[in-house]
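A.B. asks: My structure is below; once you've seen it, I'll send some questions.
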Amino acid sequence: MEKYNPEELELKWQKIWEEKKLFEAKYEQEKKKFYILEMFPYTSAQIHMGHVRNYTIGDVVARYKAMNGYNILHPIGYDAFGLPAENAAIKQNIHPKEWTYKNIETIRRQLKRLGISYCWEREVITCDPEYYKWNQYFFLQFFKKGLVYKKQAPANWCPSCQTVLANEQVIDGKCWRCGEIVETKNLEQWFIKITEYAERLLDFSGIKNWPERVIIMQKNWIGKSEGCEIDFYIPQIGENLKVFTTRADTLFGVTYLVISPYHPFVGKIKEVSPVKNEIEKFIKKTTRTSLTVKDFLRVEKEGINTGIFAIHPITQEKIYVWIGNYVLMEYGTGAIMAVPAHDQRDFEFAQKYNLPVKIVIKNPEWKEIPEKLESAYEDKGIMINSGIFDGLDSEKGKEEIRKYLEKIGKGKKAVYYRLKDWCISRQRYWGTPIPIIYCKKCGIVPENEENLPVKLPDEVKITGKGESPLKYSEKFIKCKCPSCGNEAERETDTMDTFVDSSWYFLRYASKDLENKPFDKEEVNYWMPVDQYIGGIEHAILHLLYSRFFVKVLKDMGFVDFEEPFENLLCQGMVIKDGAKMSKSKGNVVDPEDMIRKYGADTLRLFILFAAPPEVDLEWSEKGIEGCWRFLNRIWRLHNEIKNYSEISDENNEKLKIMINKTIKGVTEDIEKEFQFNTAIAKMMEFINFLSKEINEKKVSKDILIDSWKKFIKILSPFTPHICEEMWNDFEKEKFLFRENWPSYEEIETFEEKINIGVQINGKIKGNIDIPANYDVEKIYNLLINNEKFKKFIINKKIVKKIYIPKKLINIVIED
């Protein structure tokens, strides 16, 4: 092929790779393994540039590790359940299943066209009954273990999508999918007790290399707080209101209490309150909006005085109970003791409603106690106006007040987590059916395992209005009770799609299993994933749920490891004109258009060269044009090398040093946090050097071809198709994926070398070439690895090493 024709050669090699099953993973226990995984795509219409970047990064790692002797597992699948499929069904009048599988065909074709080295034999599709059967199986195991339960709870409800949303799916009070204002609604829902694993999820000791910001985000999401739980007795209802605080030292500064609109005491207080009607109006108004952590921090703080009081546990003062929109039921006990002098949130509320402010912590810098505060003093200090605790350091005071409360039976030490149990109920059709049956005689009954999968019915009408279509499918709902055999009904909620993605990486690790979710022996070989790659937007929930799932499965004996992902890379976005690519902004670049114009190798090269993996990449037409010219230049050089004849070999040594230096640089850049952009820059530098050498014809053909073959190898993970074609000109029937990564010698990476004498106890033993800048220890390391000299010094006691710069080294050994 005279002219570089990327489409022709790329399609040629993709066909050959597939026919030869070159990338098929095989369970070979005696080999060292490397499990490389990119987060699988959601089955939207097609892949975008962000996907191209993610999968190309992973492919470079997979090919590099394969050439370094690792047994590679590099699988792919599709996150195929979820709302977008139903939304498409409504808008386009197409069944979610048909829409999803049509998109899978498109994405599969696009990924193959990129030349990604996937093990297609282990492909996973989460909406296949063969997969979601095991979602249901795990649900039943969790149910048996007491980790699954059903309760009524307030939920973020999207009136447009007609489904429950997780807190993170509510953005600025609106649905993340459709933009509708989210309401709050009480529903009976299924939960998984992730809180039982909160402490273990805070332990990251089993992880090798994750971005620090991801670990911090997870820790903040779990939100461990150590403090004190305090009882405030409410005489009118005859019960203690439990309040959690991390600032027991401010107990004497409490001037009012606030409970969440969702607190179980609201109903009881309302019945005895003198302002019952006003409370009802306030509750109705408040529960009309969502209560995410993000929103509640910004919402205007509002409340209502119930007219009901509680008794201070130490002073016996009467303290009024308020209901406030800024208290989350999801955190602590859903009730707070308000100390406006020492909490800014409480201070703002007190200012708005003209409530008393009582200073009980003195700022050490105050010369005198201010009559009025301009803002809350929230730092440490000295306790005042606190009875017997006056004069204590506030940190010491926390402990002393807790001990006192425990002594009088009014409080205790407590640990709370911001993390709440995982609501997996979704009132939608396109998801895994929850394998629960409702029997009038037996109550809630789990489905028998032998009856799995509980399949979604195909004959449903999806309108986007009202409740789940499953509620109207008699074929689905009507069933027999597994316990008594009577007529019963199925649960119509489906599972949160995060369940699908919380264990898919385990399914990849076992091929074509029908009788169990995965083979324990093979999973223990492949897992944990050595390198996981995906966007920072999945830093909290997907990773947290996956870690939780694996910990539970370990406790149940399914796996022998504690963490699913040892190393994590969060790649940056691909942006254009300074903004994330989106159809609404009109700045989308279609990967298929670029492949048609330049070829997959050029697109891959640009994506890898334009920026380090972890930072955002700005799309550049000039940049991809430059990569296209570079590959054309390589193609022309290759043809010149095949027909090369030398004039002399005087520059052989220079070329050997330069290729050695390039191999070393590229190897280190890949190993050192995947700095592919600088690795490519080094290869471009080599091509500039080589072009000049070829023109001068001062290197011998054998050295030139040897160096060129090494270069093809190190370029191949980045641009595999053109490299395979060039390699085939030299090595027929051999694939680069199965070749060894070229090694380099440290000494051959320095251009300035000197020759020095080597003495042992003052007697000359020969000479050795060394880099001019080597010190005595580096020279000694060369000697003990040199066949000629190591026999004199190995296993000998070294008394002294004497180096006379640029002349000789003398090793003094004990006789």
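A.B. asks: Given Glu489, Glu450, which one is open to solvent by 80 Å² or more (accessible area, probe 1.4 Å), part of a strand (DSSP E or B) and on the phi < 0 side of the Ramachandran plot?
C.D. replies: Glu489 is the lone residue from the list that is open to solvent by 80 Å² or more (accessible area, probe 1.4 Å), part of a strand (DSSP E or B) and on the phi < 0 side of the Ramachandran plot.
A.B. asks: In the stretch 227-248, which residues are free of Cβ contacts under 8 Å to residues at least 12 places away in the same chain and either among the basic types (Lys, Arg) or not in a strand (DSSP E or B) (or both)?
C.D. replies: The one that is free of Cβ contacts under 8 Å to residues at least 12 places away in the same chain and either among the basic types (Lys, Arg) or not in a strand (DSSP E or B) (or both): Gly238.
A.B. asks: Test of understanding: among Ile388, Ile436, which residue is of a type in the set (Val, Ile, Thr), modelled with pLDDT of 95 or more and within 30 Å of Leu544 (Cβ to Cβ)?
C.D. replies: On inspection, the qualifying residue turns out to be Ile436.
A.B. asks: A follow-up question, please. Keeping to the stretch 241-254, report how many residues are among the aliphatic types (A, V, I, L, M) and open to solvent by 50 Å² or more (accessible area, probe 1.4 Å).
C.D. replies: Number satisfying all stated conditions: 0.
A.B. asks: Then there's this: Does the stretch 357-375 contain any residue that is more than 22 Å from Ile401 (Cα to Cα), buried (at least 16 other Cβ atoms within 10 Å of the Cβ) and in contact (Cβ under 8 Å) with a residue 60 or more places away in the chain?
C.D. replies: no
Conditions (1) closer than 30 Å to Met337 by Cα; (2) open to solvent by less than 60 Å² (accessible area, probe 1.4 Å), marked per residue:
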site: Glu378; (1), (2): yes, no
site: Ile388; (1), (2): yes, no
site: Gly391; (1), (2): yes, yes
site: Tyr404; (1), (2): yes, no
site: Leu419; (1), (2): yes, yes
site: Gln427; (1), (2): no, yes
site: Leu456; (1), (2): no, yes
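A.B. asks: Please tell me if Ala335 is modelled with pLDDT of 95 or more, of a type outside the set (Lys, Arg) and in contact with a helix residue (DSSP H, G or I) (Cβ under 6 Å, 6 or more places away or on another chain).
C.D. replies: no
A.B. asks: Looking at Ile76, Ile104, can you tell me which residue is open to solvent by less than 30 Å² (accessible area, probe 1.4 Å) and touching a Ser or Thr at 6+ places or on another chain (Cβ under 8 Å)?
C.D. replies: After applying the criteria, what remains is Ile104.
A.B. asks: Counting only residues that are of a type outside the set (Val, Ile, Thr), open to solvent by 70 Å² or more (accessible area, probe 1.4 Å) and part of a helix (DSSP H, G or I), how many does the stretch 202-226 have?
C.D. replies: 4
A.B. asks: It is to be established whether one or more residues within the stretch 681-690 are within 16 Å of Met67 (Cα to Cα) and buried (at least 17 other Cβ atoms within 10 Å of the Cβ).
C.D. replies: Within the stretch 681-690, none of the residues are within 16 Å of Met67 (Cα to Cα) and buried (at least 17 other Cβ atoms within 10 Å of the Cβ).
A.B. asks: Tell me, which residue of the stretch 79-98 that is within 13 Å of Ala45 (Cβ to Cβ) and free of Cβ contacts under 8 Å to residues at least 40 places away in the same chain is surrounded by the most Cβ atoms within 10 Å (Cβ to Cβ)?
C.D. replies: Ala88
A.B. asks: Still on this structure, please answer the following. Against the definition (open to solvent by 10 Å² or more (accessible area, probe 1.4 Å), more than 16 Å from Leu37 (Cα to Cα) and under 18 Å from the mean Cα position of the chain (by Cα)), how does Ile536 come out, yes or no?
C.D. replies: No.
A.B. asks: Another question, then. Quick one: in the stretch 24-56, of everything that is among the hydroxyl-bearing types (Ser, Thr, Tyr) and outside any loop (DSSP other than H, G, I, E, B), which residue is nearest to Lys583 (Cα to Cα)?
C.D. replies: Tyr42
A.B. asks: Okay, moving on. Looking only at residues that are out of contact with any Lys or Arg (no Cβ under 9 Å at 6 or more places or on another chain) and of a type in the set (Lys, Arg) in the stretch 404-428, which one is farthest from Ala335 (Cα to Cα)?
C.D. replies: Here the residue is Arg428.
A.B. asks: Another question, then. Can you find a residue that is without any contact (Cβ under 8 Å) to a residue 40 or more places away in the chain, part of a helix (DSSP H, G or I) and under 43 Å from the mean Cα position of the chain (by Cα) anywhere in the stretch 687-698?
C.D. replies: Yes, the conditions are met somewhere in the stretch 687-698.
A.B. asks: Here is a follow-up. Quick check on my filter: what residues within the stretch 255-277 are among the β-branched types (Val, Ile, Thr), closer than 15 Å to Ile319 by Cβ and open to solvent by 10 Å² or more (accessible area, probe 1.4 Å)?
C.D. replies: Thr255
A.B. asks: Select from the stretch 458-486 the residues that are part of a loop (DSSP other than H, G, I, E, B), open to solvent by 80 Å² or more (accessible area, probe 1.4 Å) and not polar (S, T, N, Q) and list them in ascending order.
C.D. replies: Glu459, Lys461, Lys465, Glu467 - these are the residues of the stretch 458-486 that are part of a loop (DSSP other than H, G, I, E, B), open to solvent by 80 Å² or more (accessible area, probe 1.4 Å) and not polar (S, T, N, Q).
A.B. asks: Just checking: which of the helices (runs of 4 or more DSSP H) contained wholly in the stretch 578-679 hold 1 or more residues that are in contact with a His (Cβ under 9 Å, 6 or more places away or on another chain)?
C.D. replies: Qualifying helices (runs of 4 or more DSSP H): 591-598, 600-609.
A.B. asks: Here is a check on your reading of the model: is Glu537 modelled with pLDDT of 95 or more and within 24 Å of Lys208 (Cβ to Cβ)?
C.D. replies: When the stated conditions are applied, Glu537 does not pass them.
A.B. asks: Here is a further query. Considering only the stretch 227-240, how many residues are open to solvent by 40 Å² or more (accessible area, probe 1.4 Å) and not polar (S, T, N, Q)?
C.D. replies: 4
A.B. asks: Which pairs turn up if I take residues in the stretch 515-527 that are over 12 Å from Tyr35 (Cβ atoms) and look for partners that are open to solvent by less than 20 Å² (accessible area, probe 1.4 Å) and outside any loop (DSSP other than H, G, I, E, B) with beta carbon separation below 6 Å, at least 6 apart in sequence or on another chain?
C.D. replies: Between residues of the stretch 515-527 that are over 12 Å from Tyr35 (Cβ atoms) and residues that are open to solvent by less than 20 Å² (accessible area, probe 1.4 Å) and outside any loop (DSSP other than H, G, I, E, B), the close pairs are Pro517/Trp134; Phe518/Leu506.
A.B. asks: Next question, about the same structure. How many residues does the stretch 183-218 hold that are farther than 22 Å from Ala539 by Cβ and within 13 Å of the chain's Cα centre (by Cα)?
C.D. replies: Adding up the residues that qualify gives 0.
A.B. asks: Taking Gly173 as the residue in question, decide whether it is on the phi > 0 side of the Ramachandran plot, open to solvent by less than 30 Å² (accessible area, probe 1.4 Å) and modelled with pLDDT under 85.
C.D. replies: Criteria met by Gly173.
A.B. asks: Would you mind stating whether Tyr64 is outside any strand (DSSP E or B), crowded, with 22+ Cβ neighbours inside 10 Å, more than 19 Å from the chain's Cα centre (by Cα) and in contact (Cβ under 8 Å) with a residue 40 or more places away in the chain?
C.D. replies: yes
A.B. asks: Just to be sure before I move on: is Tyr4 more than 21 Å from Arg604 (Cα to Cα), hydroxyl-bearing (Ser, Thr, Tyr), touching a Leu at 6+ places or on another chain (Cβ under 9 Å) and open to solvent by less than 40 Å² (accessible area, probe 1.4 Å) in the structure I sent?
C.D. replies: No.
A.B. asks: Residues in the stretch 393-408: is at least one touching a residue at least 40 places away in the same chain (Cβ under 8 Å), of a type in the set (D, E, K, R) and in a loop (DSSP other than H, G, I, E, B)?
C.D. replies: no
A.B. asks: Next question, about the same structure. If you scan the stretch 170-212, which residues turn out to be of a type in the set (Asp, Glu) and touching a Cys at 6+ places or on another chain (Cβ under 6 Å)?
C.D. replies: Scanning the stretch 170-212 gives a single hit, Glu180.
The values are calculated or read from the model by the stated rules, or taken from the named source; none is laboratory data. As the structure is a prediction and not an experimental result, all values here were calculated from the model. Note that we place each Cβ from the backbone using ideal geometry, even for glycine, and neighbour counts take in every protein chain shown. What goes into the accessible areas is simple: the full protein's heavy atoms, side chains included, and nothing from ligands, DNA or RNA. Shrake-Rupley method; radii C 1.70, N 1.55, O 1.52, S 1.80 Å.
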